[in-house]
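Take a look at the structure below.
The values are calculated or read from the model by the stated rules, or taken from the named source; none is laboratory data. What you see is a predicted model; the values in this text were computed from it and never measured. We place every Cβ from the backbone using ideal geometry, glycine too, and count neighbours over all the protein chains shown.
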Amino acid sequence: MILALALVLIFLAVTALVIAGTSVRVLREYERGVVFRLGRVTSQRGPGLIFLMPAIDRMVRVSLRTVTLEIPAQEIITRDNVPARVTAVAYYRVIDSTKSVLEIENVLAATSQIAQTTLRSVLGKAELDSLLAERERLNEHLQHIIDDQTEPWGVKVTAVEIKDVEIPERMQHAMARQAEAERERRAKIINAEGEFQAAARLNDAADVISRNPVTIQLRYLQTLIEVSNNQSSTIVFPLPMDVLQPLIAAAQGRRSSVTDGSQRSSLDEALAAAREALDGAPDQPAPVEAGVRPTLTAQPAQAPPPGEMDE
């Protein structure tokens, strides 16, 4: 009798432990539990320790973590009739477990199907240039459309990203040629703008020089200093006749003031050589080696008759 009573107590204890084990659940922080009582949804529970009525309640776990949904590659034709192969990824999470649990087995498949259909319909209306350059705008547009369709299931689509766009190889070559032509166009425009700005600055410099003609002589001398640094090149530069005119005028003034015969004779010779240089100057200047200072060599001239000198 005592043995039978002990066995009954042991059986009841084991049964109680089994029932307690089946009626107690522990939910993590990112999990929620939807309890079905006799087939009806009662409430959302969790996280923490959950107690269920044995043989009456049944709990379904729902994860609230963000789920990454890989959208299969879609073959599309853009609005400008270019075939493309587009792959994308969507991120979603459950915000209302009581709604999503009713379709918990089909939420992933249904969301994927909606994403594929939306991807084909939206990207097929876009041009290739927009598809390649305006991905952020297209991503936001896709996210809003997919989110509106999945909201009744308690699913929130947080983002949609277009990962890769594959186009035919011949189209890639055409785009490369187009990009090259665009770069050349920009280079020509930049070069033309540089020439325009340089011409404007030269015009300003000409205005400054026209107000003070001495500046052109200073610039000429500065140029000679710059080109004389290179000893291995031949430099051809003109000798302005205006440089010699003041020298001739000064020599004539000095000749009129000189009375000594020897000095007057040497001045006459120098003046004659200068006049010959001015009268016989060639149209094209002769080359002058860099680093060599140009000189004027006076040709020996016969002294004028005494009568002409007195005159």
Assess whether residue 115 counts as being over 30 Å from residue 40 (Cα atoms), surrounded by 16 or more Cβ atoms within 10 Å (Cβ to Cβ) and touching a helix residue (DSSP H, G or I) at 6+ places or on another chain (Cβ under 6 Å). yes
Only listed residue being touching a residue at least 24 places away in the same chain (Cβ under 8 Å), in a helix (DSSP H, G or I) and within 35 Å of the chain's Cα centre (by Cα), chosen from 162, 146: 146
Of the residues in region 166-186 that are out of contact with any Pro (no Cβ under 7 Å at 6 or more places or on another chain) and touching a residue at least 24 places away in the same chain (Cβ under 8 Å), the one that is farthest from residue 87 (Cα to Cα) is 171
Can you find a residue that is among the acidic types (Asp, Glu) and not assigned by TED's automatic domain parsing to the domain that holds residue 96 anywhere in region 148-157? no
Which ones in region 211-233 are touching a residue at least 40 places away in the same chain (Cβ under 8 Å) and not in a loop (DSSP other than H, G, I, E, B)? 227
